1. Roll a 1.4 Å probe over the protein chains and send me the accessible area per residue for the stretch A:252-324 in Å².
2. Kirkwood Rh, Cα Rg: Rg to Rh for the stretch B:32-157?
3. Which FRET efficiency value, to the nearest 0.05, do you get for A:Asp273 and B:Phe173 by plugging their Cβ-Cβ distance into 1/(1 + (r/R0)^6) with R0 = 30 Å?
4. In the stretch A:157-234, which trypsin sites (Lys or Arg not before Pro) fall in coil by DSSP and have 16 or fewer other Cβ atoms within 10 Å?
5. Could you quote the convex hull projected area for the stretch A:100-162, Cα atoms only and averaged over all directions, in nm²?
6. Give me the percent of the accessible area of the protein assembly as shown that comes from carbon and sulfur atoms, probe 1.4 Å, all protein chains in place.
7. List every residue whose amide H lies under 5 Å from the amide H of A:Val370, counting only residues 5 or more places away in sequence or on a different chain, with H placed 1.01 Å from N in the peptide plane.
8. Just to verify a number: FRET efficiency for A:Leu352 and B:Asp95, C-beta to C-beta distance, R0 = 45 Å, to 0.05?
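The values are calculated or read from the model by the stated rules, or taken from the named source; none is laboratory data. Bear in mind that the values here come from a model prediction, so they are computed numbers and not experimental data. As a convention, Cβ positions derive from the backbone with ideal geometry for all residues, glycine included, and neighbour counts pool all protein chains shown. The protein model used for the area step is the full one, side chains on, heavy atoms only, and it has no ligands, DNA or RNA in it. Shrake-Rupley method; radii C 1.70, N 1.55, O 1.52, S 1.80 Å.
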Amino acid sequence: MNGRGRRAAIWIGAMAAIAAVTAAGSAAGLNPSTVGFAYLIAILLISVWGGLAVGTVASVVATLSYNFFFFPPLYTLTLADPANWFALAAFLVSSVTVSRLVVAARRQAETAEQRRKELETLYGLSIDLFAATNRVGALGEAAGRALQLLGARGGGLVLFDESPYRQRVVSWRGDKPEEIEDLIAGVGRHKEPLEFPSPLGRDVYLPLIVGGKPTGALVARGTEASMHALESASRLVALAVERQRFIEESAHMQALRESEALKTSLLRAISHDLTTPITTINIRMESLRRRAAGDDDLRETVGAIAEETERLRRRIDNLLSMARLEAGKAKPRPEPAPPADLFRAVRENLPLVFAARPVSVHVDDDCPDVNADPSLALEILVNLVENAHRVSPPGAPIELVARRHPLDGDKVRLEVLDRGPGLPAGVADAEGNVAPEMSDVGQRGLGLEIARSLAAANGGSIGLAPRKGGGTVARIDLPAALLPVGERV
Amino acid sequence: MTVSSLILVVDDDAAIRDSLSKELRAAGYATATASDGREGVTVFESGAPDLVLTDLAMPRSDGFELIAAIRAASRTPIIVLSVRGADADKVRALDLGADDFVTKPFSVPELLARVRAQLRRTTAASSVALEFDGLSIDLERRRVVQGGREVRLTPTEFSLLELLAANAGKPMFIEQIIARIWRDTPSTTADTVRVHMSSLRKKIEPDPSDPRYIITEPWVGYRFIAEPI
């Protein structure tokens with residue numbers, strides 16, 4: 001039944017009820033006071049059913065009928081006995097009052113019922129939100145259910161990604177015209193609920209706010225629910241969203257911690273498992289070397305094995321360094337390192353290279369210390385010296401030079417100079433550097449690439465340049481360790 | 001006949017333990033072995049070795065526990081066999097009282113040199129002069145002669161040289177150096193030590209490009225590397 005039909009039915013019913021009481025009273029010849037009580041009962045029922053307006057009009061009509069049909073002279077609106085005016089007025093006042101009282105009581109009951117329903121809905125929502133939220137989807141379902149129970153005919157839950165203008169619809173019912181997005185952004189920005197009439201009835205936009213920050217919005221379209229209930233629902237959803245976010249973040253952190261721990265123990269295990277056999281080989285080699293003392297053939301073989309084992313060890317060192325840097329396990333720890341000490345460490349690391357050819361070392365008097373991670377700086381140098389050794393003809397010297405950077409006084413330039421085949425002519429730029437793809441990188445291979453990334457990790461760089469008179473200069477530019485003013489001697 | 005020094009080798013890897021013992025015996029030392037820290041303490045107490053070589057990462061009871069247990073009772077030299085990339089472990093072991101370390105995989109001659117240095121340090125009687133190849137340090141008259149010519153050092157430089165040379169072969173923490181030489185100004189920074197060390201090295205090293213006496217020890221401090229004669 002539509003609203004208008006219902007109103008008409010109420011009016012007709014009300015008038016019919018008055019007419020029925022009048023007809024029954026007349027036909028039965030009841031005395032006026034009995035009829036008065038019958039009218040009062042009818043008006044009470046009419047008010048319960050039809051509300052205040054119908055009740056009041058029915059009171060007036062009943063008063064007129066009462067006068068017309070039951071007070072002498074009958075069938076006129078005049079009264080013979082003036083005392084009856086008082087009775088009639090008392091009747092009118094009572095019936096209007098009854099009507100008002102009944103309607104007020106009914107309204108209160110209705111409001112109480114609505115509050116009860118809303119409370120029930122909110123309670124259900126809180127249970128839903130806090131029992132079943134292991135995913136954002138569950139949040140949306142719970143919010144949607146709550147909106148439905150709060151009498152909303154459309155709407156849903158929208159969350160913000162960082163800004164109210166980046167919205168993620170978690171759940172939505174009914175159509176969603178474009179302007180709704182702006183309305184949602186608006187309540188997100190102003191952090192105030194918005195309420196206005198709409199084609200669906202009454203639309204309410206509620207920001208979800210946790211700790212003063214808008215995290216999303218709850219939209220109830222065409223709802224009769226009280227603002228109080230809607231705001232409570234939005235607070236509950238906001239808390240649940242925040243809780244959800246915490247759960248996700250903590251799961252993420254947990255996963256990160258676990259993967260970090262895994263990386264660490266994995267690197268440790270690899271380091272240990274690769275190092276141990278090489279250590280054993282090195283030690284056994286010593287006993288072989290002793291036995292080979294009188295046997296040239298055997299001595300040469302042992303020497304070759306030793307050399308290859310050394311190369312293997314260095315490669316493993318390289319790869320572990322790279323893996324550690326990449327896993328974030330090792331941050332370069334720069335400290336002042338004198339270039340002479342680095343060169344000396346290179347000699348200790350490459351005894352076979354230093355035994356096979358002349359290697360000269362020169363450190364300029366005014367060359368500052370390098371400010372770099374000493375083990376990484378050593379690895380860079382070892383790789384470059386090994387490369388120089390590989391491309392140089394037998395017996396050709398290698399030179400190691402350290403000096404202050406010619407252009408940038410805050411840098412130290414370490415150079416490895418060889419007399420190998422060198423770089424193809426005409427590929428160097430004005431500064432004598434060559435692009436890696438134009439040079440003999442292929443020959444220099446993995447070692448150069450590793451040196452390059454280790455240098456970058458140390459805040460330095462590597463360049464290759466043709467050397468005057470043939471060969472190649474490998475340059476490592478690293479930050480200089482500058483002593484604080486006042487500490488210089 | 002001289003009694004050979006007894007070296008205790010502690011490592012959980014049997015291949016390293018056995019091959020290392022064999023090489024040490026070939027070099028003239030007597031050996032004892034243990035496979036973890038706890039066994040190491042037992043063998044240490046029953047055998048009273050002259051030097052201990054220990055791995056750090058071992059199941060059950062690790063090298064740190066062993067070092068702490070030995071240091072609680074004795075000053076026997078301890079050399080740690082550390083792995084590369086475990087600098088924090090190395091520094092912690094030195095802090096606990098280890099005397100030196102070698103990084104796996106090490107070469108046997110390198111290890112033997114470290115062993116000799118440690119054994120010598122403990123047997124060296126306190127003397128009035130420290131003699132090294134090409135360098136002599138007269139502790140009484142505070143004179144230094146390098147390559148036949150006298151080197152003039154400032155009092156601080158001489159103290160630095162004396163401290164390091166007396167601990168030849170042993171890595172010295174910068175903090176230790178500050179505590180010993182700058183007793184009265186403990187707020188001295190590592191930079192101050194570096195400045196004095198750099199000028200000392202310039203004076204005593206015949207070839208600054210190829211240091212023979214003092215080198216920096218990454219993340220620790222300095223080490224005097226020449227062997228006493």
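1. Accessible area per residue: 59 Å².
2. Value, to two decimals: 1.08.
3. 0.45
4. Here the trypsin sites (Lys or Arg not before Pro) that fit, given the DSSP loop and packing criteria, are A:Lys191.
5. Here the figure is 5.7 nm², rounded to one decimal.
6. For the protein assembly as shown, the apolar C and S fraction of the accessible surface comes to 57 percent.
7. A:Ala337, A:Ala481
8. Plugging the Cβ-Cβ distance into 1/(1 + (r/R0)^6) gives 0.85.
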